[in-house]
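Below is one structure, written out as structure tokens; comments come after it.
The values are calculated or read from the model by the stated rules, or taken from the named source; none is laboratory data. All of these numbers come straight from a predicted model, not from anything done at the bench. Methodologically, a virtual Cβ is constructed for each residue, glycine included, from the backbone with ideal geometry; neighbour enumeration extends over all protein chains shown.
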Amino acid sequence: MSTGRLSILGMGPGDPELMTIKAVRLLRESPVVGWFCRHDRPGHARQIAGDMIGPDATTLRFAYPFTTEIAVSDPAYLMRMGQFYDDCAARVATHLEAGHDVALLCEGDPFLFGSAMYVFDRLHERFECTIVPGITAMSGCWSAAQRPMVHGDDVLCVIPGTLDEEALVAWLEKADAAVIMKLGRNLEKVRTALRRTGREARAIYVERASQPAQRCLKLTEMTGPAPYFSIILVPGREGAR
Ligand SMILES: C[S@@+](CC[C@H](N)C(=O)[O-])C[C@H]1O[C@@H](n2cnc3c(N)ncnc32)[C@H](O)[C@@H]1O
């Protein structure tokens with residue numbers, strides 16, 4: 001019996017109409033569908049999939065063992081997340097070995113800060129894999145904000161907000177344009193780094209791009225906490241036409 005194929009599907013930033021035709025087809029056809037989520041949430045990628053998952057499909061819900069309880073710098077974080085991804089890969093492999101195709105859903109593009117990468121790393125030498133690229137969250141954000149980002153020879157830097165303030169400053173100083181992801185509790189540290197590098201005034205805050213609760217505003221007008229699904233855009237040079 002031949003083994004199944006693993007398809008990792010980029011689901012885009014939130015609006016199901018921003019999925020590719022290929023991702024929709026593989027999702028509808030797949031007898032097994034998996035996704036990652038917080039233990040207390042349905043999961044962003046699952047919500048995008050809506051009723052596109054076949055009624056008879058077997059579903060695999062991979063709930064993270066923790067979110068912010070253990071610092072990324074703590075060795076326990078890497079160890080426990082490694083065990084978690086080993087378990088996820090083993091569950092996926094069971095279905096592939098039984099000859100069933102598996103679709104793994106991933107918000108945005110799978111290979112940009114996507115959890116499915118860790119399953120891919122563990123399985124791609126054993127099973128046939130297809131990666132379907134997705135529209136990234138940052139594309140969804142700059143389209144929502146209607147803000148051109150990079151012109152000519154501008155350099156765009158994609159920065160995780162989890163970096164410490166000095167590292168944020170160093171990257172921001174180098175970049176013409178920047179995207180800062182993973183805001184959440186990092187917002188005030190990121191704001192300080194933008195202020196220190198003279199970029200706060202042109203920074204745009206975008207929350208839940210392409211979803212019904214989407215918000216876009218100048219960072220200087222944004223108060224209150226930022227949810228996990230938010231990004232700051234620093235457009236490159238203005239008015240290069
Ligand atoms: C683990 S990364 C996943 C990135 C995704 N694979 C991509 O291609 O964009 C999660 C981060 O993406 C950003 N994000 C994802 N969806 C978003 C959305 N609809 N609006 C704003 N930010 C979003 C947030 O910064 C969030 O912290």
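Given the range 125-205, what helices (runs of 4 or more DSSP H) lie entirely inside it while holding 1 or more residues that are within 13 Å of the ligand (Cβ to nearest atom)?
137-145, 187-196
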Counted residues, the range 117-141 - those being surrounded by 18 or more Cβ atoms within 10 Å (Cβ to Cβ) and closer than 14 Å to residue 12 by Cβ: 9
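Please specify each residue of the range 68-116 satisfying the condition of being part of a loop (DSSP other than H, G, I, E, B), within 16 Å of the ligand (Cβ to nearest atom) and crowded, with 19+ Cβ neighbours inside 10 Å. First the steps, then the outcome.
Initial filter on the range 68-116 (part of a loop (DSSP other than H, G, I, E, B)): 68-74, 98-101, 107, 109-115.
In the following step, the residues that additionally are within 16 Å of the ligand (Cβ to nearest atom) were identified as 68, 72, 107, 109-115.
Passing the criteria: 107, 109, 110, 114, 115.
Return yes or no: is residue 55 under 20 Å from residue 120 (Cβ atoms), modelled with pLDDT of 90 or more and of a type outside the set (A, V, I, L, M, F, W, C)?
On the way: under 20 Å from residue 120 (Cβ atoms): no; modelled with pLDDT of 90 or more: yes; of a type outside the set (A, V, I, L, M, F, W, C): yes.
Spelling it out, it is not the case that residue 55 is under 20 Å from residue 120 (Cβ atoms), modelled with pLDDT of 90 or more and of a type outside the set (A, V, I, L, M, F, W, C).
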Where a residue in the range 193-213 is in the same structural domain as residue 17 (by TED's automatic domain parsing) and free of Cβ contacts under 8 Å to residues at least 24 places away in the same chain and its partner, wherever it lies, is part of a strand (DSSP E or B) and surrounded by fewer than 21 Cβ atoms within 10 Å (Cβ to Cβ), with Cβ under 9 Å and at least six apart: none
Residues being free of Cβ contacts under 8 Å to residues at least 40 places away in the same chain and under 18 Å from residue 201 (Cβ atoms) - total across the range 160-186: 3
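Could you list, in sequence order, the residues of the range 187-212 that are among the acidic types (Asp, Glu), within 30 Å of residue 43 (Cβ to Cβ) and surrounded by 17 or more Cβ atoms within 10 Å (Cβ to Cβ)? Don't jump to the end; show me each part of the working.
Taking the range 187-212 and keeping what is among the acidic types (Asp, Glu), we get 188, 200, 207.
Filter again for within 30 Å of residue 43 (Cβ to Cβ), leaving 188, 207.
Hit for the range 187-212 is 207, nothing else.
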Answer from 123, 168, 105 - the residue that is in contact with a strand residue (DSSP E or B) (Cβ under 8 Å, 6 or more places away or on another chain) and farther than 24 Å from residue 38 by Cβ: 168
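Out of 56, 51, I need the residue that is more than 15 Å from the chain's Cα centre (by Cα), loosely packed, with under 13 Cβ neighbours inside 10 Å and part of a helix (DSSP H, G or I). Which one?
Numbers: 56 fails: part of a helix (DSSP H, G or I).
Step by step, each of 56, 51 is checked, and only 51 is more than 15 Å from the chain's Cα centre (by Cα), loosely packed, with under 13 Cβ neighbours inside 10 Å and part of a helix (DSSP H, G or I).
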